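Engineer: Input: one structure, supplied below.
Rule-based calculations on the coordinates, nothing more; no lab input. If you're wondering where the values come from, they're calculated on a predicted model, not measured in any experiment. Virtual Cβ from ideal backbone geometry, glycine too; neighbours counted across all protein chains shown.
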Amino acid sequence: MTVLTLGPAGTFSHELAAALFGDDIELLPTIRAIIERVAGGSAGGLVPIENSEAGGVGETLQGLTEFGVSITGEAYMPVRHHLAARGDPRQLEAVYAHPQTHEQCSVLLDSLGVEVVHTSSNAASAVAMQRDEHAGAVVSETAAAIYGLPIALRDIQNSKENTTRFVLISAAPREGAECTKCSLLVDPKSDRVGLLAEILGVFARRGINLTRIESRPSRRGIGSYVFFIDLEISEGWREAKEELKRMTAVRELGCYARLEVPQR
């Protein structure tokens, strides 16, 4: 089955998808478009879900909320950002960068004192720079090579440990006993004192490790949130899920294992 991922050519999503799935991939312009197509059942998808520097990817989390897709795998990719420029970076009139990339490279970009113009992807930043002789762009090495851009400054990310976690998504959940993690979407529907403590206690009492918990607006108004929870599968996790269902609305986003990324 074809795997959809974020384009144009040269995004980190494209680079990882090519490493995992070879040529059987298709590039789409937005994460929402990917998730919507996957929900239709004609393809799988690979999308970024969180970054070690910038946190959760809002477009992916919202898409998981709206569309009936399942997470069937995860992969981790070290992310290195480079500043492409045709001359002195401090003489640039603008720098093109994806919003998450901007956050991941904020220290260097803020020090330049130039306007940062947001784009839909790192590859889109490269395309925009091609059309603007007075601008630079924050790009991957692959994107710089594809679009023929000179790299002026290398490794401008705030952290040397900068890593993005991607998830493989499908219209159907994964089958099999080799899964190591499970993701849940928890919607309390209402607010009350001690609610979050009650939710966490369901797992703590059973010794279940949560690898991630993130709140997102429910879009029902200020102060109303849903929670994305990732847990390590261990004894009692199904019982914990059932207890949680008696307290809140719970949707299982999928159980999965880590995908091994071929060495580049």
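Engineer: What Cys residues in the chain have no fellow cysteine's beta-carbon under 4.7 angstrom?
Structural biologist: Cys105
Engineer: Related question: Could you check which residue among His134, His82, His102 shows the biggest mean-square fluctuation in a GNM of the chain with a 10 Å Cα cutoff?
Structural biologist: Top of the fluctuation ranking is His134.
Engineer: Could you work out how far apart the two model spin labels at Ser111 and Arg219 are, taking each label as a point 7 Å from the Cα in the direction of the beta carbon, and quote it in nm?
Structural biologist: So the label points at Ser111 and Arg219 sit 4.0 nm apart.
Engineer: Whole angstrom only: what separates the Cα centroid of segment 191-264 from the Cα centroid of segment 30-51?
Structural biologist: 21
Engineer: HN-Hα J couplings of segment 103-112 from phi, Karplus 6.51/-1.76/1.60, θ = phi - 60°, integer Hz, Gly and Pro as x?
Structural biologist: In residue order, the calculated couplings are 5, 5, 10, 5, 4, 5, 5, 5, 5, 6 Hz.
Engineer: While we're here: If each Cα of the chain is one equal point scatterer, what is log10 of I(q)/I(0) from the Debye formula at q = 0.08, 0.12, 0.14, 0.15 Å⁻¹?
Structural biologist: Values, matching the q order: -0.36, -0.77, -0.98, -1.08.
Engineer: If you don't mind, another one. Suppose a student asked you for the relative contact order of the chain, using Cα pairs under 8 Å spaced at least 6 residues apart; what percent would you report? Could you put the intermediate results ahead of the total?
Structural biologist: On the way: 577 pairs, mean separation 62.0, N = 264.
Contact order relative to length: 23 percent.
Engineer: If you take the square roots of the eigenvalues of the alpha-carbon gyration tensor of segment 82-153 and sort them as a ≥ b ≥ c, do you get rounded (a/c under 1.5), prolate (a/b over b/c) or oblate? Don't skip to the end; give the middle numbers.
Structural biologist: Values: a/c = 1.44, a/b = 1.13, b/c = 1.28.
Taking the square roots of the gyration eigenvalues as a ≥ b ≥ c, segment 82-153 is rounded.
Engineer: Once the other residues with Cβ under 13 Å from the Cβ of Pro99 are scored (Lys, Arg +1; Asp, Glu -1), what is the net sum?
Structural biologist: On the way: positive: none; negative: Glu53, Glu59, Glu103.
Taking every other residue near Pro99 into account, the sum is -3.
Engineer: Ok, one more. Tell me the trypsin sites (Lys or Arg not before Pro) within segment 134-195 that lie in a loop according to DSSP and have at most 12 other beta-carbon atoms within 10 Å.
Structural biologist: Details: sites: Arg154, Lys160, Arg165, Arg174, Lys181, Lys189, Arg192; in loops: Arg154, Lys160, Arg174, Lys189, Arg192.
Those that pass, being in a loop and sparsely packed, are Arg154, Lys160, Lys189, Arg192.
Engineer: Taking K and R as +1 and D and E as -1, what net charge do the other residues with C-beta under 15 Å from the C-beta of Val116 add up to? Mind dumping the intermediate values first?
Structural biologist: Values: positive: Arg90; negative: Glu93, Glu103, Asp110, Glu115, Asp132.
Summing Lys and Arg as +1 and Asp and Glu as -1 gives -4.
Engineer: Could you calculate the contour length gain from Ala33 to Glu252, that is, 0.36 nm times the residue separation minus the distance between their Cα atoms, to one decimal place in nm?
Structural biologist: Numbers: separation 219, 0.36 × 219 = 78.84 nm, distance 2.19 nm.
Gain on extension, Ala33 to Glu252, equals 76.7 nm.
Engineer: Build a GNM of the chain with springs between Cα atoms under 10 Å: which of Gln100, Gln157, Gln130 gets the top mean-square fluctuation?
Structural biologist: With Cα springs under 10 Å in the chain, the top fluctuation among Gln100, Gln157, Gln130 is at Gln130.
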